[in-house]
1. Using +1 at the C-beta of Lys and Arg and -1 at the C-beta of Asp and Glu, which of SER60, SER31, PHE16 has the Cα lying farthest in the positive direction of the dipole of the chain?
2. Run the numbers for ARG67 and SER31: contour at 0.36 nm per residue of separation, minus the present Cα-Cα distance, in nm.
3. Net charge near PHE24: determine it from the other residues with C-beta under 14 Å of the C-beta of PHE24, scoring Lys and Arg +1 and Asp and Glu -1.
4. With angles folded into 0 to 90 degrees, how steeply does helix 43-68 sit against the dominant principal axis of the chain? Use alpha carbons for both and round to 10.
5. Using a ≥ b ≥ c from the Cα gyration tensor of segment 9-75 (square roots of the eigenvalues), is it rounded, prolate or oblate, where a/c under 1.5 gives rounded and otherwise the larger of a/b and b/c decides, a/b for prolate?
6. Taking the Cα centre as origin and putting +1 on Lys and Arg beta-carbons and -1 on Asp and Glu beta-carbons, what dipole magnitude results for segment 9-75, to the nearest 20 debye?
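All of the numbers you see were taken from the coordinates with simple rules; none came from a lab. Since this is a predicted model, take the numbers as computed values, not measurements. As a convention, Cβ positions derive from the backbone with ideal geometry for all residues, glycine included, and neighbour counts pool all protein chains shown.
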Amino acid sequence: MNGKNKIHGGAERVRFKHQNAMEFFQNVCVSIKSFPLSENQNPSFDWRQKGECVKHEYVSFANYIDRYGELPEFNDQDKSRKK
């Protein structure tokens with residue numbers, strides 16, 4: 001997903017802090033969940049899938065906050081710069 005300037009804010013904050021990409025990629029762990037869209041271009045199904053994807057992201061943030069008391073570092077715009 002893109003931000004205001006077609007830039008993903010969290011990714012930009014990671015890139016700002018970890019400018020040596022190869023070193024970062026050797027130490028990072030990533031979790032992925034797929035929300036595939038329809039093969040036959042079913043708009044109502046696709047919109048529901050997109051909604052489930054956004055819901056999953058927000059529930060994940062809420063679970064992280066419950067556990068650690070704050071947003072993940074690169075999702076907290078106030079604590080993590082991207083420039």
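1. Projecting each Cα onto the dipole axis, the largest value belongs to PHE16.
2. 11.3 nm
3. Details: positive: ARG13, ARG15, LYS17; negative: GLU12, GLU23, GLU73.
Neighbour charge sum, excluding PHE24 itself: 0.
4. Helix 43-68 sits roughly 30 degrees off the main axis of the chain.
5. Oblate, since a/c reaches 1.5 and b/c is not below a/b.
6. Working: 8 positive and 9 negative charges, 6 e Å.
That gives segment 9-75 a dipole magnitude of about 20 debye.
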